[in-house]
């Protein structure tokens, strides 16, 4: 299998590392192979949408999720670096209310598999970052939710980048953990 899937502190969230082939000309890797990915996560996964964003240093996006048309995501960075976070919102889970954070970068080529039932967000660590993510369902604006990035109950340990995060109005006005809808 040309990818390695490593469970995080929340076992359903996986770090996906592709096999990178390189020589003096550069490098090559498969960023996605349906057969290998499905084997790594233990079930058939169908993605319906690819998204690509660009953000400058200090931008914090999230913590987003949808209550309807719930999305699982496979995320990666193709330029720069981010600190990527997944928060377990599944009340029946042993890891309910826990979070995991992983640095994803163009250099390390790591990807993060975030199943449905999680809130997701990231903080840009580099001067700029391009972020790619595949989703298992379409964006559904009417059911989109947001938990505030600095919720005291979650106590996410965001990296110190020497500046306050740059947020949009929706993210700055997110729910606190106790008031946020859960699964």
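Output the strands (runs of 3 or more DSSP E) that fall wholly within region 1-95 and possess 3 or more residues being free of Cβ contacts under 8 Å to residues at least 12 places away in the same chain, or say none. Full working, then the answer.
Working: elements: 3-7, 14-18, 21-23, 26-28, 49-56, 60-66, 73-79, 81-88.
Where strands (runs of 3 or more DSSP E) fall fully within region 1-95 and carry at least 3 residues being free of Cβ contacts under 8 Å to residues at least 12 places away in the same chain, they are 21-23, 26-28.
Residue pairs, Cβ under 6 Å, 6 or more apart or interchain, first in region 164-183 and under 19 Å from residue 141 (Cβ atoms), second part of a helix (DSSP H, G or I). List them.
Note: no pairs meet the criteria.
Identify the residue in region 130-163 that is free of Cβ contacts under 8 Å to residues at least 24 places away in the same chain, assigned to a loop (DSSP other than H, G, I, E, B) and loosely packed, with under 12 Cβ neighbours inside 10 Å and, among all such residues, is nearest to the chain's Cα centre (by Cα).
155
Filter region 167-183 for residues that are over 20 Å from residue 93 (Cβ atoms) and buried (at least 16 other Cβ atoms within 10 Å of the Cβ) and give the result.
Of everything in region 167-183, those that are over 20 Å from residue 93 (Cβ atoms) and buried (at least 16 other Cβ atoms within 10 Å of the Cβ) turn out to be 167, 171, 174.
Does residue 107 count as loosely packed, with under 15 Cβ neighbours inside 10 Å, touching a strand residue (DSSP E or B) at 6+ places or on another chain (Cβ under 6 Å) and farther than 15 Å from residue 62 by Cα?
When the stated conditions are applied, residue 107 does not pass them.
Do the conditions hold for residue 34, that is, is it closer than 20 Å to residue 143 by Cβ and either over 16 Å from the mean Cα position of the chain (by Cα) or at pLDDT 95 or above (or both)? Give the steps one after another, and end with the answer.
Details: closer than 20 Å to residue 143 by Cβ: no; either over 16 Å from the mean Cα position of the chain (by Cα) or at pLDDT 95 or above (or both): yes.
No, not satisfied.
Could you check how many residues of region 1-44 are surrounded by fewer than 17 Cβ atoms within 10 Å (Cβ to Cβ) and touching a helix residue (DSSP H, G or I) at 6+ places or on another chain (Cβ under 9 Å)?
Total meeting the criteria: 5.
The values are calculated or read from the model by the stated rules, or taken from the named source; none is laboratory data. Owing to the predicted nature of the structure, the values given are computational and were not obtained by experimental measurement. Don't worry about glycine lacking a Cβ; one is built from the backbone with ideal geometry, like all the others, and counts go over all protein chains shown.
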